[in-house]
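Written below as structure tokens is the structure these notes are about.
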Amino acid sequence: MLDVGCGPGSITCDFAELVAPAQVVGLDRSADVVAHAASLAADRGVENVEFRTGNIYDLDFGDETFDFVHAHQVLQHLTDPVAALREMRRVAKPGAIVAVRDADFHGMSWYPEVPELDDWMELYQKIARRNGAEPDAGRRLVSWAQQAGFTEVAPSSSNWLYATAQQRRWQARVWSERVLHSAFAEQALEYGFAQEAELARIAAGWHRWGSTDDGWFLIPNGEVIARA
């Protein structure tokens, strides 16, 4: 199995435990991220997983290598998701599964209305599109898979809901930190889309939403299981 864009490796390790003793490879472009993932696997005692750095557009594997190729929340960040899917298809054995899931940002909804979250969404869309990426990737997965040459495509969708006190606090903390201290913040400032005061205002809005007693945040995901 190949997990492309594996990030910190938590999902990759979960897969490895499910398919053991089969071998799993997690791939990410960042050496630091790969090191973190390898450390997680060691801590969890997962021995049938290997983490490598690599390029999704030029996978360092031969044709028809894997029984299962997976990418979670990856295609939305790419400038050419169709090329990435073609490369994933290339390294998959005939009949193997190629599975992808991506969020659909414009499909997200929340309650109560918080103006700063509207501003966050607008800013996120502007930054992503300035980078040549597609934040509303979920709704495009079937089209991208077809363009990549897949003829057997099974679409589905699932939601993530943050509506308990603990979930709201977690979602608010994660996004307030990203707004202030991440590539999102750096690019918002670099591209001239926001000033530091505006980012601080949006982060505070996230915390205000997270402190509500009846808050609701829904994230829809598009999914595709395709056969190589």
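The values are calculated or read from the model by the stated rules, or taken from the named source; none is laboratory data. Nothing here was measured: the structure is a model prediction, and the numbers come from that model. Cβ sites come from the backbone with ideal geometry, for glycine too, and all protein chains shown count toward neighbours.
Laid out as a table, the results:
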read-out	value
Tally of residues being within 23 Å of the chain's Cα centre (by Cα) and touching a residue at least 60 places away in the same chain (Cβ under 8 Å) across region 210-226	11
Number of the condition not met by M121 [criteria: (1) of a type in the set (A, V, I, L, M); (2) loosely packed, with under 14 Cβ neighbours inside 10 Å; (3) without any contact (Cβ under 8 Å) to a residue 40 or more places away in the chain; (4) in contact with a Phe, Trp or Tyr (Cβ under 8 Å, 6 or more places away or on another chain)]	(2)
Hits in region 36-60 - residues which are surrounded by 13 or more Cβ atoms within 10 Å (Cβ to Cβ) and among the small types (G, A, S)	A37, A38, S39, A41, G54
Condition check for A154: closer than 25 Å to L2 by Cβ, small (G, A, S) and either at pLDDT 95 or above or loosely packed, with under 15 Cβ neighbours inside 10 Å (or both)	yes
Selected residue (criterion: farthest from T79 (Cα to Cα)) from residues of region 23-59 that are in a loop (DSSP other than H, G, I, E, B) and touching a strand residue (DSSP E or B) at 6+ places or on another chain (Cβ under 8 Å)	N48
Unique match (being more than 20 Å from Q76 (Cβ to Cβ), in contact (Cβ under 8 Å) with a residue 24 or more places away in the chain, exposed (fewer than 15 other Cβ atoms within 10 Å of the Cβ) and of a type in the set (A, V, I, L, M, F, W, C)) among A172, A163	A163
Residue within region 81-102 that is free of Cβ contacts under 8 Å to residues at least 24 places away in the same chain and either farther than 29 Å from N159 by Cβ or touching a helix residue (DSSP H, G or I) at 6+ places or on another chain (Cβ under 6 Å) (or both) present	no
In region 152-195, the residues that are under 16 Å from Y124 (Cα atoms), hydrophobic (A, V, I, L, M, F, W, C) and in a helix (DSSP H, G or I)	A172, V174, W175, V179, L180, A183, F184, A185, A188, L189
